[in-house]
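**Q** Dropping a structure here in structure tokens format, bear with me for questions.
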Amino acid sequence: MATIELSGIRKVYPGNVTAIHDLDLSVDDGELVVLVGPSGCGKSTLLRMVAGLETTTAGTVSIGGAVVNRLEPSDRDIAMVFQNYALYPHMTVRGNLEYGLKNRGTPRTLIDERVAEAARILEIAPFLERKPRQLSGGQRQRVAMGRAIVRQPKAFLFDEPLSNLDAKLRGQMRVEIRRLQRTLRTTSLYVTHDQLEAMTLADRLVVMNAGRIEQLGKPTELYERPASLFVAGFIGSPPMNFFDLEYLREKAGASLPTLSDDSDIIGIRPDSIVLADPQEPSIPLRGTVELIEPVGGESHLHLRLEGSDQLIIVETPGRPDAAEGTLLTAHLRARALHPFNRQSGLRTA
Amino acid sequence: MQTKRTIFPNKLLPYALLTPQLIITIVFFLWPAAQAVKSSFEREDPFGFRTTFIWFQNYTRLFGEPEYLNSLNRTAIFAIAVTFISMSVSLLLAVAVSRLLRSGRAYTTLLVWPYAVAPVLAGILWWFMFNPTIGIVPYLLNQFGISWNHRIRGNDAMVLVVLAASWKQISYNFLFFVAGLQSVPRSLIEAAAIDGAGPFKRFWTIVFPLISPTTFFLMIVNINYAMFDTFGIIDGTTSGGPAGATNTLVYKVYADGFLGLNIGSSSAQSVVLMAIVIVLTVIQFRWVERRVQY
Amino acid sequence: MVENRPFLAFLTHLVLILGVAVVVFPVYLAFIASTHGSGDFLRGLVPLLPGPHMIENYARMLNSGLSTAGAPPVWLMLANSLFMALTIAIGKIAISIISAYAIVYFKFPFRLLAFWLIFITLMLPVEVRIIPTFKVVADLGMLNSYAGLTIPLIASATATFLFRQFFLTVPDELMEAARVDGAGPLKFFRDILLPLSQTNIAALFVILFIYGWVQYLWPLLVTTDSRYYTIVMGIKRLAAAAESDPYWNLVMAAVILAMLPPVLVIIFMQRLFVKGLVETEK
């Protein structure tokens with residue numbers, strides 16, 4: 001068991017492109033930390049630096065208390081699960097699982113024991129003698145996981161491991177990875193661009209943007225108190241609605257809570273807007289229903305606001321009575337407003 | 001130039017891996033080529049004791065020689081004829097094969113094996129067929145009142161080497177044309193059929209323009225083949241004769257340098273040939289780039 | 001095809017049958033000649049139907065050859081050709097695959113220069129540098145030796161490019177996974193890359209085997225000792241001799257024997273052959 005410590009990590013590519021700006025992060029023993037962000041934000045680069053597949057321009061990477069900057073990937077005692085699984089196509093599943101152990105000179109009996117154990121946990125025992133191309137996507141994904149766990153490494157590194165699966169399988173495997181990580185208690189760093197995956201998997205979540213950490217914390221913290229406009233917009237689906245403070249002030253009257261002076265942009269999540277008057281301080285906005293997307297248990301209403309022409313999304317339980325094209329009033333709960341400063345992009349209160 | 005996203009950090013290993021290839025390249029390719037360039041500017045005295053630097057004299061003399069100009073001329077005729085005949089026959093056969101489903105494979109097998117016949121053997125086979133005393137073709141021609149003797153008549157000799165060289169190259173062109181024809185989308189042909197174009201019109205207006213990259217590529221490859229890979233065919237049939245009628249540039253380099261021991265002139269000829277290969281290679285690779293963009 | 005026209009189908013088959021006839025006829029004639037006694041050629045026209053002397057002719061050529069023509073028995077020349085073709089094919093594949101590996105999986109000073117040096121060999125076929133190459137081989141004492149027959153032909157830009165092209169399509173993650181799994185460069189090459197290259201190696205082998213087998217000018221330059229004659233160059237000597245003594249039956253038996261190995265390779269490995277041919281030209 002081990003911690004991962006990153007301090008002052010910087011990555012500059014040839015041509016002076018800085019991918020990571022002096023970044024600090026520590027992953028506690030047994031914790032699963034998810035790095036999430038848009039493509040090109042540096043999350044994969046960071047993971048690959050931990051793995052040793054990418055050099056660090058400055059700063060130190062420590063795994064289990066030892067600085068590993070100069071160590072080869074194989075000497076860092078980590079295991080990695082790749083987006084395209086990177087299974088060796090010419091080896092059987094068993095061959096794939098064994099390869100890393102064999103290279104380390106692990107005794108035969110121990111190899112067999114570990115492989116059997118991993119196959120049992122991941123339920124891939126029936127496929128052990130097959131080649132990867134004879135497996136389905138989900139099965140390949142399990143083999144990739146198996147290859148990581150047989151090694152019993154200090155840390156697991158996941159590089160978008162579920163991106164190549166269809167939506168349904170992705171949901172299943174997400175639960176499975178979570179269960180597995182809880183059982184094994186192996187320190188894990190997990191990269192994804194899917195915020196739902198990030199929210200459901202993470203002990204702690206790191207939102208990255210342009211080579212920097214935007215916010216770090218428990219998924220619920222990030223959802224409930226996004227520290228910046230970027231995080232507010234990135235976490236949550238459908239995304240947060242934003243308003244000019246001036247516009248709201250005009251509509252709200254007395255129901256607008258007191259905000260610090262530097263606030264000039266206000267966000268609110270679609271699930272904090274209700275159609276019926278909530279009997280609590282709220283801001284009423286009138287608009288035309290442009291589109292109703294029923295998504296099962298709830299519906300997403302796209303509302304074109306009167307006066308500003310802005311389009312907002314309202315998440316409402318069940319089926320709304322309103323038809324497309326009708327005019328209605330939506331109520332923004334005053335308690336659920338997130339104030340930001342446009343200039344700095346930061347939360348103001 | 002492209003490498004992998006991550007690379008192995010070893011410093012010396014890549015040099016070790018490249019060493020065998022580079023040693024052979026330098027010793028047997030670059031060094032001799034440099035020697036050829038060097039001696040193309042020199043004259044050796046008859047006993048090989050002294051060499052003098054003579055600038056471009058070898059070249060000016062070369063382009064003044066009627067034999068060399070004749071050889072240039074003969075090579076051009078030979079290359080154009082081989083390219084045209086071999087490509088036309090191959091295209092016809094490829095179009096025919098691509099119309100068939102199952103039997104196409106059998107025909108393909110029967111058509112591709114001449115690729116494995118050494119040029120000199122191809123030469124001997126055709127020479128045997130056209131042999132003026134016992135060959136079957138002169139016998140048949142004689143029935144029609146045409147007399148054939150490639151040992152005496154230059155044009156007969158040229159026809160013989162062109163036929164042998166084209167025969168040998170059919171399999172190669174055929175395979176590339178088949179591959180090119182397969183890459184023409186069926187939907188286009190069907191659309192043209194719906195638009196009322198018959199099979200011949202479809203071929204000339206849709207298929208042929210679409211395989212033009214293949215055609216162009218093969219043209220370069222065939223010219224290259226006719227100029228440089230047909231030494232065996234010439235040596236196996238006419239040995240450049242009669243009276244230089246089939247003395248192609250490559251055959252002349254061999255004859256002048258290796259048999260005639262005229263180093264200076266042979267080197268100058270080598271350098272001219274190198275320039276031709278370089279031009280052809282550059283054109284060919286340009287074409288590859290263009291094809292990638294499609 | 002789009003429509004069904006009986007006339008067009010007939011024409012298609014007619015064209016192909018004529019094509020096959022043209023392609024096969026010269027070899028058929030040679031084969032027929034090889035089954036006759038030498039007296040059958042004195043009448044002035046080659047026979048068109050098989051004669052009774054096939055086994056006798058082939059056995060004679062294989063075992064003793066035509067001593068008057070100064071060529072050794074055909075079996076020896078076949079063995080030399082086989083050795084030459086195998087050495088060239090295996091040698092080219094071996095040195096090209098490791099060069100491509102160095103160029104794709106490593107970064108080092110002069111990498112681009114190395115690539116260009118290899119590329120240049122494409123522009124320098126033996127035919128354009130006959131004399132100086134002969135001199136180098138002579139100076140190295142490699143005339144009349146198996147080393148002289150094979151080593152100078154082993155450098156290969158095409159094979160290097162083919163492997164480079166193939167390596168670039170191998171997912172980066174495979175190498176990364178192998179590194180995490182503790183494989184160094186040599187282990188990765190042996191355990192992962194080499195097995196993955198199997199089909200390419202096989203396809204290239206077919207092409208290069210044929211290339212090695214049909215070499216003519218090079219053996220002609222470097223061998224004067226008949227013990228080192230390859231079948232392809234040896235036949236030229238036989239054919240030259242047949243101009244005076246009409247041993248056409250024997251010469252053609254040797255021609256058929258010389259063609260047989262590479263032609264069989266193409267027929268039985270047609271798939272690999274086509275793949276190799278089309279891909280080496282990319």
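FYI, it's all coordinate maths here, none of it is from the lab. From a predicted model like this one, the values you see are computed outputs, not experimental measurements. Every residue, glycine among them, receives a Cβ derived from its backbone with ideal geometry; neighbour counts consider all protein chains shown.
**Q** Need one number: % antiparallel among DSSP beta bridges in region A:4-234, to the nearest 5.
**A** Details: 19 of 37 bridges.
Taking every DSSP beta bridge with both residues in region A:4-234, the antiparallel ones total about 50 percent.
**Q** What FRET efficiency do you get for A:Glu129 and A:Asp28 if R0 is 45 Å and r is their Cβ-Cβ distance, rounded to the nearest 0.05? Mind showing how you got there, number by number?
**A** Numbers: r = 39 Å, r/R0 = 0.87.
For R0 = 45 Å, the calculated efficiency reads 0.70.
**Q** Report relative contact order for region A:241-340 in percent, whole number only (criteria: Cα-Cα under 8 Å, sequence separation at least 6). Don't skip to the end; give the middle numbers.
**A** Working: 208 pairs, mean separation 35.7, N = 100.
Taking the mean separation of contacting Cα pairs over the length of region A:241-340, I get 36 percent.
**Q** Turning to a different aspect of this structure: For region B:156-207, state what percent of all Cα-Cα pairs lands in each successive 5 Å bin, counting from 0 Å until the bin that includes the largest distance.
**A** Whole-percent P(r) values from 0 Å outward: 4, 18, 17, 13, 12, 12, 11, 7, 5, 2.
**Q** Whole Å is fine, so just give me how far the alpha carbon centre of region A:236-298 lies from that of region C:96-131.
**A** Between the Cα centres of region A:236-298 and region C:96-131 lies a distance of 66 Å.
**Q** If you don't mind, there's one more thing I want to ask. Remind me, what semi-axes does region B:202-294 give for its equivalent ellipsoid, largest first in whole Å, using sqrt of 5 times each Cα gyration tensor eigenvalue?
**A** Values: eigenvalues 237, 59, 11 Å².
Working from the Cα gyration tensor, I get semi-axes of 34, 17, 8 Å.
**Q** May I pose another question? Quick one: which residues, 5 or more positions from A:Glu214 or on another chain, have an amide H under 5 Å from its amide H? H modelled 1.01 Å from N in the peptide plane, none for Pro or chain starts.
**A** A:Val207, A:Met208, A:Asn209
**Q** In whole Å, what are the extents of region A:222-275 along the principal axes defined by its C-alpha atoms, from largest to smallest?
**A** That gives 30, 29, 15 Å along the principal axes, largest extent first.
**Q** So, one more: Distance between Cα centroids, region B:106-131 to region B:251-284: provide it in whole Å.
**A** 27 Å
**Q** What are the trypsin sites (Lys or Arg not before Pro) within region A:165-213 that DSSP puts in a loop, where the Cβ has at most 15 other Cβ atoms within 10 Å?
**A** Passing sites in region A:165-213 are A:Arg185.
**Q** Evaluate the distance, in nm, between pseudo-label points positioned 7 Å from the Cα of B:Trp31 and of B:Thr19 along their respective Cα→Cβ axes.
**A** Going by the 7 Å Cα→Cβ label model, 1.7 nm.
**Q** Next up: Taking region C:177-282 on its own, what percent of its Cα-Cα pair distances exceed 20 Å?
**A** Values: 3319 of 5565 pairs.
Roughly 60 percent, rounded to a whole number.
**Q** Calculate, for B:Glu190 and B:Arg105, the FRET efficiency according to 1/(1 + (r/R0)^6) with r their C-beta to C-beta distance and R0 25 Å; round to the nearest 0.05. Present the calculation step by step, with values, prior to reporting the outcome.
**A** On the way: r = 23 Å, r/R0 = 0.93.
That pair, B:Glu190 with B:Arg105, gives E of 0.60.
**Q** Report, largest value first, the span of the C-alpha coordinates of region C:178-223 along each principal axis, in whole Å.
**A** 52, 21, 8
**Q** Then there is this: State the three equivalent ellipsoid semi-axes of region A:59-111, derived from the C-alpha gyration tensor as the square roots of 5 times its eigenvalues, in descending order and whole Å. Show your work: numbers first, answer last.
**A** Working: eigenvalues 129, 51, 13 Å².
Its equivalent ellipsoid spans semi-axes of 25, 16, 8 Å.
**Q** From largest to smallest, what semi-axes in whole angstrom does region C:88-165 give when each is the square root of 5 times an eigenvalue of its alpha carbon gyration tensor? Display every interim value, and only then the final one.
**A** On the way: eigenvalues 131, 39, 25 Å².
Each semi-axis is the square root of five times an eigenvalue, giving 26, 14, 11 Å.
**Q** Taking a point 7 angstrom from the Cα of B:Ile283 along the C-beta vector, which residues in region B:224-244 have backbone N less than 13 Å away?
**A** B:224-227, by backbone N distance to the label point.
**Q** Here is a follow-up. Quick check: pseudo-label points 7 Å beyond the Cα along Cα→Cβ at A:Ala349 and C:Phe268, how many nm apart are they?
**A** 8.7 nm
**Q** For region C:17-159, what's the radius of gyration and Dmax over Cα atoms, in angstrom?
**A** Expressed in Å, the Cα Rg and Dmax of region C:17-159 come to 22.5, 71.
**Q** Between C:Leu186 and A:Ser255, what is the label-point separation in nm under the 7 Å Cα-to-beta-carbon projection?
**A** Taking the simple label geometry, A:Ser255 and C:Leu186 are separated by 7.7 nm.
**Q** Please state, as a whole number in µm²/s, the translational diffusion coefficient that the Stokes-Einstein equation yields for chain B at 37 °C and 0.692 mPa s, with Rh defined as the Kirkwood radius across alpha carbon pairs.
**A** Working: Rh = 22.5 Å.
It comes out at roughly 146 µm²/s.
**Q** With only alpha-carbon atoms counted, please give the Rg and Dmax of region B:1-117, in Å.
**A** My reading of the Cα-based Rg and Dmax gives 25.1, 68 Å.
**Q** Sticking with this structure for a sec: Output the Kirkwood hydrodynamic radius of chain C, Cα pairs only, in Å rounded to one decimal. Intermediate values should be presented prior to the final figure.
**A** Details: mean 1/r = 0.0455 Å⁻¹.
Computed over Cα pairs of chain C, the Kirkwood hydrodynamic radius comes out at 22.0 Å.
**Q** Which value, in Å³ per residue, describes the convex hull spanned by the Cα atoms of region A:207-349? Working shown, then result.
**A** On the way: hull volume 17.4 nm³, N = 143.
Once divided by residue count, the hull of region A:207-349 is 122 Å³.
**Q** Taking Rh as the Kirkwood radius computed over C-alpha pairs, what is the Stokes-Einstein D of the protein assembly as shown at 4 °C in a medium of viscosity 1.567 mPa s, expressed in µm² per second?
**A** Details: Rh = 33.6 Å.
For the chosen part, D equals 39 µm²/s.
**Q** Reported to two decimal places, what Rg/Rh ratio describes region A:265-349 when computed on Cα atoms with Rh from the Kirkwood expression?
**A** Working: Rg = 13.5 Å, Rh = 13.5 Å.
Here the Rg-to-Rh quotient is 1.00.
**Q** Whole-Hz ³J(HN,Hα) for each residue in region B:188-201, computed from phi via Karplus 6.51 cos²θ - 1.76 cosθ + 1.60 with θ = phi - 60°, x for glycine and proline: what do you get?
**A** Result, rounded to whole Hz: 5, 5, 5, 4, 5, 5, 5, 6, x, 8, x, x, 6, 5.
**Q** If you don't mind, another one. In percent, how large is the relative contact order of chain C, given Cα pairs closer than 8 Å and 6 or more residues apart? Walk me through the numbers on the way to the answer.
**A** Details: 293 pairs, mean separation 88.0, N = 282.
Value for chain C: 31 percent.
**Q** Which pairs in the list A:Lys43/A:Lys131; C:Lys135/C:Lys236; A:Lys102/C:Lys92 are over 27 Å apart, alpha-carbon to alpha-carbon?
**A** Those over the limit are A:Lys43/A:Lys131; A:Lys102/C:Lys92.
**Q** Could you list B:Trp126, B:Trp167 so that the one with the fewest beta carbons within 10 Å of its beta carbon is first and the one with the most is last? List each step's numbers first, then the result.
**A** Values: B:Trp126 26, B:Trp167 23.
Result, fewest neighbours first: B:Trp167, B:Trp126.
**Q** Hey, any idea what the orientation-averaged projected area of the convex hull of region A:11-56's Cα atoms comes to, in nm²?
**A** Working: hull surface 14.8 nm².
Convex hull of Cα atoms, orientation-averaged projection: 3.7 nm².
**Q** Please find, in a Gaussian network model of chain C (springs between Cα atoms separated by less than 10 Å), the residue of C:His36, C:His13, C:His53 whose mean-square fluctuation is greatest.
**A** The residue with the greatest mean-square fluctuation here is C:His13.
**Q** Using the beta-carbon distance between A:Glu224 and A:Ala323 and R0 = 35 Å, what value does 1/(1 + (r/R0)^6) give for FRET efficiency, to the nearest 0.05?
**A** On the way: r = 33 Å, r/R0 = 0.95.
The formula returns an efficiency of 0.55 here.
**Q** Return the inverse of the average 1/r over all pairs of distinct C-alpha atoms in region C:55-135, which is the Kirkwood hydrodynamic radius, in Å to one decimal. Intermediate results must be reported in sequence, preceding the final value.
**A** Details: mean 1/r = 0.0603 Å⁻¹.
Taking the inverse mean of 1/r over all distinct Cα pairs, region C:55-135 comes out at 16.6 Å.
**Q** Calculate the mean, over all residues of peptide C:97-105, of how many other protein chain Cβ atoms lie within 10 angstrom of the residue's Cβ. Write out the running numbers ahead of the final one.
**A** Numbers: counts 1, 8, 8, 3, 5, 10, 6, 6, 9.
Rounded to a whole number, the mean comes out at 6.
**Q** Quick one: length gained pulling A:Ala210 to A:Asp166 fully straight, 0.36 nm per residue minus the C-alpha distance?
**A** Contour length minus Cα-Cα distance gives 13.0 nm.
**Q** When each pair of different Cα atoms in chain A is counted once in the 1/r mean, what is the Kirkwood radius in angstroms, to one decimal? Don't jump to the answer; show the numbers that get you there.
**A** Details: mean 1/r = 0.0442 Å⁻¹.
In chain A this quantity evaluates to 22.6 Å.
**Q** What order do you get for A:240-246, B:143-149, A:153-159 when each peptide is scored by the mean count of other beta carbon atoms within 10 Å, highest first? If you can, show how the numbers build up before the last one.
**A** Numbers: A:240-246: 17.9, B:143-149: 10.6, A:153-159: 23.6.
Ranked from most to least packed, the peptides come out as A:153-159, A:240-246, B:143-149.
**Q** Still on this model: At 0.36 nm per residue, and after removing the present C-alpha to C-alpha distance, how many nm does the segment from A:Ala66 to A:Ser237 gain when stretched out fully?
**A** Values: separation 171, 0.36 × 171 = 61.56 nm, distance 3.96 nm.
Net length gain for the segment: 57.6 nm.
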